[in-house]
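Read the structure below first, then the notes.
The values are calculated or read from the model by the stated rules, or taken from the named source; none is laboratory data. From a predicted model like this one, the values you see are computed outputs, not experimental measurements. Every residue, glycine among them, receives a Cβ derived from its backbone with ideal geometry; neighbour counts consider all protein chains shown. Surface areas here come from the heavy atoms of the whole protein model, side chains and all, with no ligands, DNA or RNA. Shrake-Rupley method; radii C 1.70, N 1.55, O 1.52, S 1.80 Å.
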Amino acid sequence: MAKYQLSYFNIKGIAEPIRMLFAVAGVEYEDIRIQPEQWPSEKASGKYPFGSMPILVYGDIKIAQSFAITRYLANEFGLNGKTNLEKANVDMIADALKDIGEKIGKLFQEQDETKKAEKLAEIKRTDVPTYFGALEGILKDNKGGDGYFVGDDLTWADLLFFSQSEYYPMMLNEDVLISYPKMKALRDRINEHPRIKEWLEKRPKTEY
Amino acid sequence: MTKYRLTYFHMRGRAEPVRLMFAVAGVEYEDIRLSRDEWANEKTSGKYPFNQIPILEVDDEVIAQSRAIYRYIAKEHGFAGKDIFENARIDMITDVLEDVLILLVRVYFEKNTEIKNRYEADLKTKLPIWLGGLEKLLIDNNGGNGYFVGDGLTWADILFVHQTDCSNFQPSGTDLDEYPKLKALRERVAALPSIAAWIEKRPKTDI
């Protein structure tokens with residue numbers, strides 16, 4: 001019987017929500033981590049449709065692009081909401097998380113320390129309140145915000161959020177979620193989910 | 001009957017794939033186009049989940065994020081894949097198109113010549129990998145003389161036609177001559193009667 005194979009670098013990054021999906025669903029997979037020195041020859045092998053990772057291989061099936069993979073597995077495992085509208089809301093939240101995640105990530109890569117501090121102050125003044133404020137509102141609108149982002153059950157939007165939130169203290173120099181109590185509680189709740197907790201304990205420890 | 005209201009700027013931009021899908025499906029909707037000033041007033045009104053457009057109002061619900069909107073309308077009106085795997089293939093293709101778009105937009109809007117040249121050079125190294133990958137995926141689908149995924153038009157084809165349509169927006173080297181199946185797909189889809197009719201009658205804007 002075919003086994004899922006996920007290939008990515010040896011970091012959490014954009015593959016971590018996928019790994020968490022497997023963990024929550026209790027589905028076995030090969031968690032392939034390509035070392036930096038192996039990557040040039042891997043890339044040149046033609047195995048990666050768009051020359052990048054992650055990719056998912058499952059029998060004859062090969063999917064690239066992190067969100068395409070995440071959404072595919074979430075649909076297969078029942079972690080993508082129940083109706084088209086719920087799925088649209090999951091997509092919306094995921095895309096917004098991606099937007100703010102990219103802004104934060106880009107800032108973090110700034111080499112000049114002075115510019116970095118300026119950009120950090122700016123993002124905390126503008127983008128963080130815009131995005132996190134909106135997400136906090138969306139969470140609260142979902143039956144008071146003590147469950148998950150969409151519907152009654154965990155979706156990949158929640159896992160994406162959790163996975164990104166692991167970077168916030170490092171990249172923003174503070175735990176910004178203190179100002180967004182429902183999101184903070186959601187993060188803590190996911191942290192305690194038995195299968196996530198198990199994964200967090202046993203996964204390879206990497207800085208990123 | 002569902003009431004649809006699409007709000008965006010007066011341009012094709014990120015709303016056009018929705019307008020194209022509505023045109024093909026023959027669905028009525030309000031095509032609201034805000035000026036820059038109107039948007040400046042509206043933006044923080046609380047109506048727009050992330051203070052951005054496009055948004056699509058579906059009766060009382062609001063969906064933000066262009067790609068969430070595309071995917072939703074695709075599923076509601078027959079532009080989605082027939083199973084989870086076909087949808088994953090569509091997602092993969094449209095995610096790459098998004099990667100291309102981000103770099104195209106970056107070149108288009110950059111005022112500083114030196115930076116613009118750098119962005120354009122970066123685009124030129126990545127395009128062959130992306131377009132080559134898409135050409136191959138298209139060919140993998142029964143020889144590439146139909147659509148990207150499965151047997152029918154999906155939002156992957158719609159998005160592709162829309163993006164390659166912004167013709168005065170292409171840096172040099174992004175024509176499709178080296179990708180014959182992609183080029184033929186683009187022409188085939190643009191010639192579909194409902195799409196050709198919409199292209200004919202829609203407001204003419206630069207981008």
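Just checking, does region B:87-110 include any residue being on the phi > 0 side of the Ramachandran plot and of a type outside the set (V, I, T)?
Taking region B:87-110 and keeping what is on the phi > 0 side of the Ramachandran plot, we get none.
Looking for residues that are on the phi > 0 side of the Ramachandran plot and of a type outside the set (V, I, T), one finds none in region B:87-110, hence no.
If you take the residues of region B:138-162 that are assigned to a loop (DSSP other than H, G, I, E, B) and more than 18 Å from A:K62 (Cα to Cα), which of them is least open to solvent (accessible area, probe 1.4 Å)?
Taking region B:138-162 as the starting set, the residues that turn out to be assigned to a loop (DSSP other than H, G, I, E, B) are B:141, B:145-154.
Adding the requirement that they be more than 18 Å from A:K62 (Cα to Cα) leaves B:145-147, B:151-154.
Details: B:N145: 101, B:G146: 26, B:Y147: 49, B:D151: 141, B:G152: 30, B:L153: 29, B:T154: 4 Å².
It comes out as B:T154.
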Odd one out for B:I129, checked against (1) at pLDDT 95 or above; (2) at the interface with chain A (Cβ under 10 Å from one of its Cβ atoms): (1)
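Within 14 Å of chain A (Cβ to nearest Cβ), without any contact (Cβ under 8 Å) to a residue 24 or more places away in the chain and either of a type outside the set (F, W, Y) or buried (at least 18 other Cβ atoms within 10 Å of the Cβ) (or both): does that describe B:R118? Walk me through how you get there before you give the answer.
On the way: within 14 Å of chain A (Cβ to nearest Cβ): no; without any contact (Cβ under 8 Å) to a residue 24 or more places away in the chain: yes; either of a type outside the set (F, W, Y) or buried (at least 18 other Cβ atoms within 10 Å of the Cβ) (or both): yes.
Judged against the criteria, B:R118 is not a match.
Within region A:11-48, take every residue that is assigned to a loop (DSSP other than H, G, I, E, B) and within 14 Å of chain B (Cβ to nearest Cβ) and give me the one that is nearest to B:D91 (Cα to Cα).
At the first step, the residues of region A:11-48 found to be assigned to a loop (DSSP other than H, G, I, E, B) are A:11-12, A:26-28, A:35-38, A:45-48.
Narrowing the set further to residues that are within 14 Å of chain B (Cβ to nearest Cβ) leaves A:45-48.
Values: A:S45: 23, A:G46: 20, A:K47: 19, A:Y48: 16 Å.
This residue is A:Y48.
State yes or no: is A:K143 at pLDDT 95 or above and open to solvent by 30 Å² or more (accessible area, probe 1.4 Å)?
On the way: at pLDDT 95 or above: no; open to solvent by 30 Å² or more (accessible area, probe 1.4 Å): yes.
The answer is no for A:K143.
Can you find a residue in region B:117-136 that is under 14 Å from the mean Cα position of the chain (by Cα), assigned to a helix (DSSP H, G or I) and not β-branched (V, I, T)? Walk me through it before giving the result.
Going residue by residue through region B:117-136, those that are under 14 Å from the mean Cα position of the chain (by Cα) are none.
No, there is no match, as no residue in region B:117-136 is under 14 Å from the mean Cα position of the chain (by Cα), assigned to a helix (DSSP H, G or I) and not β-branched (V, I, T).
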The helices (runs of 4 or more DSSP H) lying wholly within region A:49-149 that contain at least 1 residues that are at the interface with another protein chain (Cβ under 10 Å from one of its Cβ atoms) are A:66-77, A:84-108, A:127-141
As an exercise: evaluate A:Q109 against (1) more than 20 Å from the chain's Cα centre (by Cα); (2) among the polar types (S, T, N, Q); (3) open to solvent by 60 Å² or more (accessible area, probe 1.4 Å) and give the number of the one condition it does not meet. (1)
Search result, residues across region B:38-70 that are within 16 Å of A:G137 (Cα to Cα), away from chain A (no Cβ under 11 Å) and not small (G, A, S): B:K47
Can you tell me which residues in region B:91-105 are facing chain A (nearest Cβ under 8 Å) and of a type in the set (A, V, I, L, M)? B:M92, B:V96
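Please enumerate the residues belonging to region B:119-133 that are within 14 Å of A:Y48 (Cβ to Cβ) and touching a helix residue (DSSP H, G or I) at 6+ places or on another chain (Cβ under 7 Å). Don't jump to the end; show me each part of the working.
Going through region B:119-133, the residues within 14 Å of A:Y48 (Cβ to Cβ) turn out to be B:126, B:129-130, B:132-133.
Within region B:119-133, B:K126, B:W130, B:G133 qualify.
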Condition check: farther than 28 Å from B:Y72 by Cβ and crowded, with 19+ Cβ neighbours inside 10 Å. Does B:E135 satisfy that? yes
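Regarding A:T114, is this residue open to solvent by 10 Å² or more (accessible area, probe 1.4 Å) and more than 20 Å from the chain's Cα centre (by Cα)? Show your work before the answer.
Working: open to solvent by 10 Å² or more (accessible area, probe 1.4 Å): yes; more than 20 Å from the chain's Cα centre (by Cα): yes.
So A:T114 fits the description; yes.
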